[in-house]
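The values are calculated or read from the model by the stated rules, or taken from the named source; none is laboratory data. Since we're looking at a predicted model, the values are computed, not measured. So basically every Cβ, Gly included, is an ideal-geometry build from the backbone, and we count neighbours across all protein chains shown.
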Amino acid sequence: MKTVNGDLMNNISTLEIGDLIKEERLIVNAKEDLELLELKKKLIDGNIGDGNKRYDDIIEDIVDQENVIFEVYLVVNILNQSKNNYLIAHNTLKINEREYSIALIKYDSGQITFNERMSTYNQMFKSVRNI
């Protein structure tokens, strides 16, 4: 489990994250709905006035729609951050794997000590745990 913006996220694959990020389309739909509701509000303001129940319903719908947009933005942001964290951890692991391969060669040729070799191994092992 990883913590992103205070939320616990299970380790999920980039494919799963990619699928979830596609939900960004919800933001576009919510924005379009919000624009329509605002237009309706303007029309009602011009024709009816403040005391009408229908006016209050539209204001409520606009607030609800703005909340939906905010929630979708939060989810997309968390997913993007999670994807970036995964990619950073994956790239760090690749770098540490290369360093360990080099350390093995250096150890076999007597250029570094066993402890130095194990130090690069431990770095690689820590990288695996971060993915």
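Residue by residue through segment 90-127, note down the ones that are modelled with pLDDT of 90 or more, polar (S, T, N, Q) and either in contact with a Ser or Thr (Cβ under 7 Å, 6 or more places away or on another chain) or closer than 30 Å to LEU26 by Cα (or both). Result: THR92, ASN96. With the structure loaded, tell me whether GLU16 is of a type in the set (D, E, K, R), in a helix (DSSP H, G or I) and at pLDDT 80 or above or whether it fails that test. It is false that GLU16 is of a type in the set (D, E, K, R), in a helix (DSSP H, G or I) and at pLDDT 80 or above.
Can you confirm whether LEU87 is buried (at least 16 other Cβ atoms within 10 Å of the Cβ) and either at pLDDT 85 or above or touching a helix residue (DSSP H, G or I) at 6+ places or on another chain (Cβ under 8 Å) (or both)? So LEU87 fails the test.
A Cβ distance below 7 Å, combined with a sequence gap of six or more or placement on separate chains, defines the contacts here; from segment 63-74, residues that are within 22 Å of LYS41 (Cβ to Cβ) reach residues that are of a type in the set (Lys, Arg) and in a helix (DSSP H, G or I) in the pairs ILE69/LYS31.
Beta carbons closer than 6 Å, at least 6 apart along the sequence or on distinct chains, pair a first residue in segment 95-117 that is not in a helix (DSSP H, G or I) with a second that is not aliphatic (A, V, I, L, M) for ILE112/LYS106. Output the residues belonging to segment 82-131 that are aromatic (Phe, Trp, Tyr) and under 19 Å from the mean Cα position of the chain (by Cα). Passing the criteria: only TYR86.
Among the residues of segment 98-131, the ones that are acidic (Asp, Glu) and closer than 23 Å to ASN84 by Cα come to 1 in all. A Cβ distance below 6 Å, combined with a sequence gap of six or more or placement on separate chains, defines the contacts here; from segment 118-131, residues that are closer than 20 Å to ASP108 by Cα and part of a helix (DSSP H, G or I) reach residues that are of a type outside the set (D, E, K, R) and at pLDDT 90 or above in the pairs THR120/TYR100; THR120/ALA103; TYR121/TYR100; GLN123/ASN96; MET124/ASN96; MET124/TYR100.
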